[in-house]
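Taken together, the values in this text are just the output of simple stated rules run on the coordinates, not laboratory data. Please read these numbers as outputs of a predicted model, since none were measured by experiment. Note that we place each Cβ from the backbone using ideal geometry, even for glycine, and neighbour counts take in every protein chain shown.
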Amino acid sequence: MKEKDLLQDSRKIQPRLRMVAGGSTSVNAVPAEMCGSVMLDEQALADKPLMFNVETQRNALAAAAQHMPPPPTPESLTSLPKNVSVSVFVEVSRPTIDKLPGERSRRGNIVVATLPVDQLNELTSHPDVVHVQMGEPIKAPQPERERAEKEPNDEERKFGDQQLYDLAKKEILLGIIDVEGSDFGHPDFLNDDGSTRWVAIWDQGGSNRPHPRTDGCDRGSEILANHMNAALANARSAGGFGVRAGELDPQSQMFECSNGSHVVRFAAGNS
């Protein structure tokens, strides 16, 4: 059965969200890895196919040596999936309506909600619900850059007191908030012995590891230094298979040449 037959009022639902609603749990394991707006419950995470289960990829050699199973084939659904949840923005006609299913916050006529996909019909059946759209991850701006005639070298980039640069070589802990992920396997972030200089990465859209235990940080996943070092070691042991450390312990956003990596490199890179 197609998703348009399972959804009672698909006209109110964004096409991208309709695609999620029309996919089985195994099919939605893919967008759950890539998009912070799609989540699987704990049981569904445990049952994820091998090719999308990060825990089975800790040993890069074993993952590269065996034949990976084919992607899951679409299933004919008889009902909307119960163990797939989505974060959505809901446009309503009146800001004073009663609390909606899964509602987390509200500003004017826009409601932020997180709910299982099988509750979408309950949401869209409300007469004051106008439109339901999946949440979008924060994206970095894409400014237009003009290249100088000559790139400055490392010495020319320095400014201020040289003592500040000497101080930066000592043990100073920096906290940086950014988007698009950070490539912890980049040589600029490694010690001489190949271990990471990172202490931790809090991936607020991640789901592969538990969230930090700090109060107020009850979402996302926390990648610690020992996790990164294990991924770095496994990536090196994989040799010519081309496996990167960041692929063995992935973040919810993993852009090549990400803004996050650039900012960390400028602030605390080796070069």
**Prompt:** How large is Rg over Rh for region 74-136, taking Rg from the Cα atoms and Rh as the Kirkwood inverse mean of 1/r across Cα pairs?
**Reply:** 1.00
**Request:** Report the label-to-label distance for residue 193 and residue 94 in nanometres (one decimal), using points 7 Å from each Cα along the Cα→Cβ vector.
**Result:** 6.7
**Request:** Search the structure for amide H atoms under 5 Å from the amide H of residue 244, placed 1.01 Å from N in the peptide plane, and list their residues when 5 or more places away or on another chain.
**Result:** none
**Complete:** Amide H contacts under 5 Å for residue 209, restricted to residues at least 5 apart in sequence or on another chain and with H modeled in the peptide plane, are 222
**Prompt:** Tell me, what ³J(HN,Hα) does each residue in region 257-268 have, in order and in whole Hz, if you take phi through Karplus 6.51 cos²θ - 1.76 cosθ + 1.60 with θ = phi - 60° and put x for Gly and Pro?
**Reply:** 6, 5, 4, x, 5, 4, 5, 5, 5, 5, 7, 8
**Asked** In sequence order, what are the phi-derived ³J(HN,Hα) couplings for region 209-216 according to the Karplus relation 6.51 cos²θ - 1.76 cosθ + 1.60 with θ = phi - 60°, rounded to whole Hz, with x for glycine and proline?
**Response** 9, x, 6, x, 8, 6, 4, x
